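The values are calculated or read from the model by the stated rules, or taken from the named source; none is laboratory data. The structure presented is a predicted model; accordingly, all values stated were derived computationally and were not measured. We place every Cβ from the backbone using ideal geometry, glycine too, and count neighbours over all the protein chains shown. Only protein heavy atoms, including side chains, enter the accessible area calculation; ligands, DNA and RNA are left aside. Shrake-Rupley method; radii C 1.70, N 1.55, O 1.52, S 1.80 Å.
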Amino acid sequence: MKRQSLGERRIEKGIYQRGPCSFQVKMLFQGHALNGTFDTLAEARAFRDSKRASLALDPDAARVLKSRVRRNEIRTFTLEAALDRYAVEVTPAKKGAKVELGYIAKIKRNKLATKSFFHIGPDDIADFLKGLVRDKEGPLKGAELTDESKRKYASLLSRLYEVARKRWRMTVGNPVRDIELPRPCKPRTRRLEGDEEPRLIAALLECRNPLMAPLAQLAIQTAMRQGELLKLDWADVRLSDDHGTALLRDTKNGEDRVVPLSADAVAVLRDLPRPKRGGLVFPMTKNSVRTSWDFACRRAGIDGLRFHDLRHEATSRLFELGLDRVEAAAVTGHKTLQMLKNYTHLRAEMLAKKLNRPPQ
């Protein structure tokens, strides 16, 4: 409490008189010093009461009371500091931790990261997303990121604010909720057309890596993701005559999955070298797969085909073989029927043939 000066007389709470025409306001409110000198008591009261009312409505002051965050922390706790804490406490538990750390690093390089975490608003988020460009060296450096990529950054920032609210008990709004997000990209519909499959396999056989062609063939036969194929261990492969199974451990959705192997898939695996001590079926890196894939597609004259499109191809073939949605999902590992639908692109000619089949 402030010490009363000589010659001062306390009139009421926070107001002191020094002479007949000198009224001083001196008080603390939620850490704020209120000071002012006025000619009349009425003016002093009006100043005191108006300041107290404005401070009571101050969102920072409310945060101090509700979340027990000191006012200087509200000013100094930047988005960068919040991202650093999130990267330590939340990101490591995720399967895509490495990718998310890359997103976090990119956000931290932006001027948005220097702003107070509590003061970032929807306009700040919208401006950040609008200005996102590629910063990696290459021909596309400086090009604007796709809407799908921007949605991923928005999703990360939204999760960060939700963690701050629910886990860190910070009284802060989620500014991402109040912006219009970029539209999600339409699901890819690319499938192998015409003679693209034999041309692709022929080109892959000419790659330096002899495992590339079997990798692609098995992807077409099983609908496994590239990451699942690269983690597949011989110890988890069971072959019996013209059928078999492959156990995929800790898949993208966090669960193990047993994939049935057709006769063609079994034939591919039987032709591969199998070390006596076991190990990975495809001991190769994602970078080596990408390099060989790009080479093969150029050599085969195939445009716009990604390795992941083979999963679309395989999933669509499951339905064309007559499997129902539950059976197909058991093979592909899709958790929802909507995701399964996004990966399914039936050929019109196949449907036409079914329509012409005589009733059983």
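Name the helices (runs of 4 or more DSSP H) wholly inside the stretch 145-229 in which the number of residues that are free of Cβ contacts under 8 Å to residues at least 40 places away in the same chain and open to solvent by 30 Å² or more (accessible area, probe 1.4 Å) is 1 or more. Even if it seems obvious, please write down each step before you answer.
On the way: elements: 147-166, 196-205, 212-222.
Passing ranges, in order: 147-166, 196-205.
Name, by its number, the condition in (1) closer than 27 Å to Leu321 by Cα; (2) open to solvent by less than 20 Å² (accessible area, probe 1.4 Å); (3) under 29 Å from the mean Cα position of the chain (by Cα) that does not hold for Phe282.
It fails just one condition, (1).
From the set of residues in the stretch 21-70 that are polar (S, T, N, Q) and at pLDDT below 70, which is most open to solvent (accessible area, probe 1.4 Å)? Quick ask: steps written out before the conclusion?
Of the stretch 21-70, the ones polar (S, T, N, Q) are 22, 24, 30, 35, 37, 40, 50, 54, 67.
Filter again for at pLDDT below 70, leaving 30, 54, 67.
Working: Gln30: 80, Ser54: 65, Ser67: 13 Å².
That would be Gln30.
Looking only at the stretch 239-265, which residues are over 35 Å from the mean Cα position of the chain (by Cα) and surrounded by fewer than 18 Cβ atoms within 10 Å (Cβ to Cβ)? Give the steps one after another, and end with the answer.
From the stretch 239-265, those over 35 Å from the mean Cα position of the chain (by Cα) are 239-244, 263-264; that's our starting set.
Leu239, Ser240, Asp241, Asp242, His243, Ala263, Asp264, listed by residue number.
Check every one of the strands (runs of 3 or more DSSP E) wholly within the stretch 233-342 and list those with 1 or more residues that are of a type in the set (Ser, Thr, Tyr) and over 25 Å from Glu197 (Cβ atoms).
Values: elements: 237-240, 243-248, 257-261.
Result: 237-240.
For the stretch 166-203, name all the residues that are touching a Leu at 6+ places or on another chain (Cβ under 8 Å) and over 27 Å from Ser149 (Cβ atoms).
Glu196, Leu200
To keep it simple, each residue is scored yes or no on (1) open to solvent by 80 Å² or more (accessible area, probe 1.4 Å); (2) without any contact (Cβ under 8 Å) to a residue 12 or more places away in the chain.
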{"residue": "Leu83", "(1), (2)": "no, no"}
{"residue": "Val90", "(1), (2)": "no, no"}
{"residue": "Gly96", "(1), (2)": "no, yes"}
{"residue": "Val99", "(1), (2)": "yes, yes"}
{"residue": "Gly102", "(1), (2)": "no, yes"}
{"residue": "Gly121", "(1), (2)": "no, no"}
{"residue": "Lys136", "(1), (2)": "yes, yes"}
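Answer yes or no as to whether Asp84 is modelled with pLDDT of 80 or more and within 30 Å of Val163 (Cα to Cα).
Values: modelled with pLDDT of 80 or more: yes; within 30 Å of Val163 (Cα to Cα): yes.
So Asp84 fits the description; yes.
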